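These notes are about the structure you will find just below.
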Amino acid sequence: MRYFEDLEVGAETEFGSYAVTREEVLEFARKYDPQPFHLSDEGAANTHFGRLCASGWHTAAMTMKLLVASELKPAGGIVGAGFDEFRWPRPVRPGDELRVESEVLEVRASKSRPDQGVIKVRTTTLNQDNQPVQVSVGNLIVPRRPARAS
């Protein structure tokens, strides 16, 4: 586990490999985002996307799965305090292979809670062609290392 004191600006991590299947794109869409371009190639044909693509929220969920399995491992888990940026520059398609890169942009102690700090992290999800499919800048709450009893 990594505590606030273990994290520094500029630290970069690359991780993950996640194969996106047609079945899961359809399942997620049916359950959470039933728009035509997420449900079939026919429904997407005359849209901006042209063919079936994953919901952006599905992309976010796949990214989260990769983050949780990564070496980032902040103590207390990946606890978000909000996003400064969140965008999907290109669609995710069935058959894509996703991976994630993260970079710590800022590390600051909490003014109101001395037992924790906040780190700002840019997380970029890329496809097999190294094209970004999701970019976010989020703020994570990270506990400080507990004081040792003397």
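Since every read-out is calculated from the coordinates, none of them should be taken as a lab result. All figures in this text were calculated on a predicted structure; none of them were measured in a lab. Cβ atoms come from the backbone with ideal geometry, glycine included; neighbour counts cover every protein chain shown.
Apply 1/(1 + (r/R0)^6) to the Cβ-Cβ distance of Arg113 and Lys31, taking R0 = 35 Å, and write down the FRET efficiency to the nearest 0.05.
Calculated transfer efficiency: 0.45.
Could you state the number of Å between the C-alpha centres of the stretch 51-102 and the stretch 17-39?
Taking the Cα centre of the stretch 51-102 as reference, the centre of the stretch 17-39 is 15 Å away.
Add -39500 (n - 2.57) for each DSSP H run of 4 or more in the chain, then divide by its residues: what number comes out at 222 nm, to the nearest 500 deg cm²/dmol?
Roughly -5500 deg cm²/dmol at 222 nm, from the helical runs in the chain.
If you average the sequence gap of Cα pairs under 8 Å that are 6 or more apart and divide by the length of the chain, what percent do you get for the contact order?
Numbers: 321 pairs, mean separation 45.0, N = 150.
Computed value for the chain: 30 percent relative contact order.
Can you pull out the GluC sites (Glu not before Pro) in the stretch 12-71 whose DSSP state is coil and whose Cβ has at most 16 other Cβ atoms within 10 Å?
On the way: sites: Glu12, Glu14, Glu23, Glu24, Glu27, Glu42, Glu71; in loops: Glu71.
Filter output for the stretch 12-71: Glu71.
Near the amide H of Arg144, under 5 Å away, which other amide H atoms are found, from residues 5 or more places off or on another chain, if H is placed in the peptide plane?
Those qualifying (amide H under 5 Å, at least 5 residues apart or on another chain) are Phe4, Gln116, Gly117.
Skipping prolines and chain starts, which residues have an amide H placed within reach, meaning under 5 Å, of the one on Val79, given they are 5 or more residues away or on another chain?
The answer is Ile141.
Provide Trp88, Trp57 in ascending order of the number of other Cβ atoms located within 10 Å of each residue's Cβ, fewest first. Present the calculation step by step, with values, prior to reporting the outcome.
On the way: Trp88 19, Trp57 14.
Going from sparsest to densest Cβ surroundings: Trp57, Trp88.
Within the chain, what is the longest stretch that has no trypsin sites (Lys or Arg not before Pro) placed in a DSSP loop and near at most 11 other beta-carbon atoms within 10 Å?
That would be 1-110.
Sorted from fewest to most neighbouring beta carbons within 10 Å, what does the list Met64, Met1 look like? Walk me through the intermediate numbers first.
Details: Met64 14, Met1 11.
Ascending Cβ contact count within 10 Å gives the list Met1, Met64.
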